[in-house]
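A short write-up of the structure that comes next.
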Amino acid sequence: MLEAALPRLDGYASALDLQMVVTLAEPQIDLVTRHLLGGRVQLLCAPGLGDRVAALALAAQASGSVALHDSWRETESMRLQRLNQEVARIAEILARLTRSETPVPGSEIEDRRRSYDPGPGKLPSLEPQDVRRTIRARRIRDQFFAAGLFEDPAWDMLLDLFAAELEGVRVSVSSLCIAAAVAPTTALRWITKMSDMGLFLRQPDPQDRRRAFMALSAQASEAMRGYMVAAKRGELVAV
């Protein structure tokens, strides 16, 4: 019944340009996100009363075109902006690594923040275990420091999707929530934002109508490859 209702609800809200607040249980993540995922949808996994009230208030403000000044949202927006800038920087690094044109006189004077000299030699190969090793190192930190100190779901999910891409496997939304290492509602919020930014792509499972997969966009994949290659070339620890 839920599978039949979700597309109807999405179409109804889209036609009327409505904000949506959807509460769900963890086993329903894949089914719900197959149909509902986007900037006008707030997904709350097993929320408390306070979470529901806050979500409804935000939806009401958005529907009324009221500017939001919540400090938490501003902080998260700033983090997303920095992430987007970092992705663009990494993409340029990759282009620089693979470019073979003769330098134009004077072009060696560049912004230091956007330059990286890989040095001579062949580019190192990149294997899935290189990325998985980085993920394991991030999880080891959690064993020695307070919970939540190193929360960075956007980067954790980028790493997980890139490793899966190298391995040739697909990642469901529920699996990606686990990889984010944060509460499911927080993970879903970041998946929505990363999708809206064009970094994540949602791909319906043709064999299971109750599930969708997530993958990196071409831009995000190129940037992740550039970052990991640059880190490996420079013998840096990519964390």
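Determine the sum of side-chain charges near MET20: Lys and Arg each +1, Asp and Glu each -1, restricted to other residues whose C-beta is under 10 angstrom from that of MET20.
So the surrounding residues net to 0.
Set the Förster distance to 35 Å, then compute FRET efficiency between ARG133 and LEU56 from the Cβ-Cβ distance, nearest 0.05.
The formula returns an efficiency of 0.25 here.
Using amide H atoms built in the peptide plane, which far-off residues or other-chain residues are under 5 Å from ALA212 H to H?
Counting only residues 5 or more places away or on other chains, the set is ARG34, VAL173, ASP205.
Residue by residue, what Karplus-based ³J(HN,Hα) values in Hz, rounded to whole numbers, does segment 208-222 have, using 6.51, -1.76 and 1.60 with θ = phi - 60° and x for Gly and Pro?
After applying 6.51 cos²θ - 1.76 cosθ + 1.60, I find 9, 5, 9, 9, 9, 9, 10, 8, 6, 6, 4, 5, 5, 4, 5 Hz.
Quick check for you: which residues of segment 148-192 have the amide N under 14 Å from the point 7 Å beyond the Cα of LEU126 toward its beta carbon?
Of the residues in segment 148-192, 158-168 have backbone N under 14 Å from the label point off LEU126.
Work out the length of the dipole vector of segment 116-228 about its Cα centre, built from +1 on the beta-carbon of each Lys and Arg and -1 on the beta-carbon of each Asp and Glu, and round it to the nearest 20 debye.
Here the size comes out at about 260 debye.
Count charges around GLU3 for me, please; just the other residues with Cβ under 10 Å from its Cβ, Lys/Arg as +1, Asp/Glu as -1.
Taking every other residue near GLU3 into account, the sum is +3.
Sort 141-153, 46-58, 194-206, 162-174 by the packing proxy (mean of other Cβ within 10 Å over each peptide's residues), most packed first.
Top of the packing list down: 162-174, 194-206, 46-58, 141-153.
Taking the Cα-to-Cβ direction at LEU9 and at VAL169 and moving 7 Å from each Cα, how far apart do the two end points lie in nm?
So the two model labels end up 3.1 nm from each other.
No lab work stands behind these numbers, since they all come straight from the coordinates. All of these numbers come straight from a predicted model, not from anything done at the bench. Please note: Cβ atoms are built from the backbone with ideal geometry, for glycine as well, and neighbour counts cover all protein chains shown.
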